[in-house]
Amino acid sequence: MGVLALSALLTAACSGGHFLSDAGFRRTVEADYAARTQAENGALAPFMALPSGTTLEEQEALEFLYAYMPLADVTDYPADFYLENVRASFRSREEMGWKVPEREFRHFVLPLRVNNEDLDSARVVFYRMLKPRVQGLSMEEAILEVNHWCHERMTYQPSDGRTHAPLASLKNALGRCGEESTFCVTALRSVGIPARQVYTPRWAHTDDNHAWVEAWADGRWWFLGACEPEPV
């Protein structure tokens, strides 16, 4: 059975609404997912097989991630790992109640990767820690509170060239700006707030590179220094 036919069969068997509401974009994702499973003479297909028991929404989210994630992430982490994190993202969306558009959720909440860190289960762990702290706040207030939480757990210190995974940063409490911003983006995404890392190769203040965070709230993007809390 071809990949597209199998995808259609799985879709028919799954329940729930679409994650990708635009039919045209959904077809594009399905085609890109199918093309990737067939790449390298089908060598990637076993790594991209979707776990059984997924809803239609979960299936489409997984296909989106697999279609566009870095190639190494396809082979380095099992499908159940991605399903766990997809479900964590959907749970935070439902329980936190932020009004996040589909595009922003799809590109800036759902993905796990921020930099070149190892992927881990920080989204699940951070949500459990942060939910009581930000529940009931506005999105802007929650962003500031999450950044305070990050500041309580990390102190700036130059480190090696590879970015620590978020849970590793939580454990050692130290990191450079790239690690602090990876940590903060992961924390924000864990509670369903769209966030992304910003890098510049040269920062005049230090005559070196620098990284910070942009977070989305109520229709616009805001910038903040990761683990550097400010009142606004």
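Summary table below
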read-out: Accessible surface, per residue, of the chain when the full set of protein chains is kept, probe 1.4 Å, Å²; value: 49
read-out: Within the chain: Cβ-based charge dipole about Cα centre, in debye rounded to nearest 20 (Lys, Arg +1; Asp, Glu -1); value: 240
read-out: Helix-derived mean residue ellipticity, 222 nm - over the chain, DSSP H n ≥ 4, -39500 (n - 2.57), to 500; value: -17000 deg cm²/dmol
read-out: Furthest towards positive pole of dipole, W216, T200, G175, structure part the chain, Cβ charges; value: W216
read-out: Heavy atoms of D208: accessible area, 1.4 Å probe, square angstrom to 10; value: 80
read-out: Of the DSSP H helices in the chain, those whose Cα atoms cover at least 30 Å axially and whose Kyte score averages 1.6 or more; value: none
read-out: Percent accessible area from carbon and sulfur atoms, the chain, protein chains only, probe 1.4 Å; value: 54
read-out: Share, in percent, of DSSP beta bridges within the chain that are antiparallel, nearest 5; value: 85
read-out: Among S159, S52, S169, residue whose mean-square fluctuation peaks in a GNM of the chain (springs only between Cα atoms under 10 Å); value: S52
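The values are calculated or read from the model by the stated rules, or taken from the named source; none is laboratory data. Treat the numbers as computed from the prediction; the structure is a model and nothing was measured. Cβ sites come from the backbone with ideal geometry, for glycine too, and all protein chains shown count toward neighbours. Heavy atoms of the whole protein, side chains included, go into the accessibility calculation; ligands, DNA and RNA do not. Shrake-Rupley method; radii C 1.70, N 1.55, O 1.52, S 1.80 Å.
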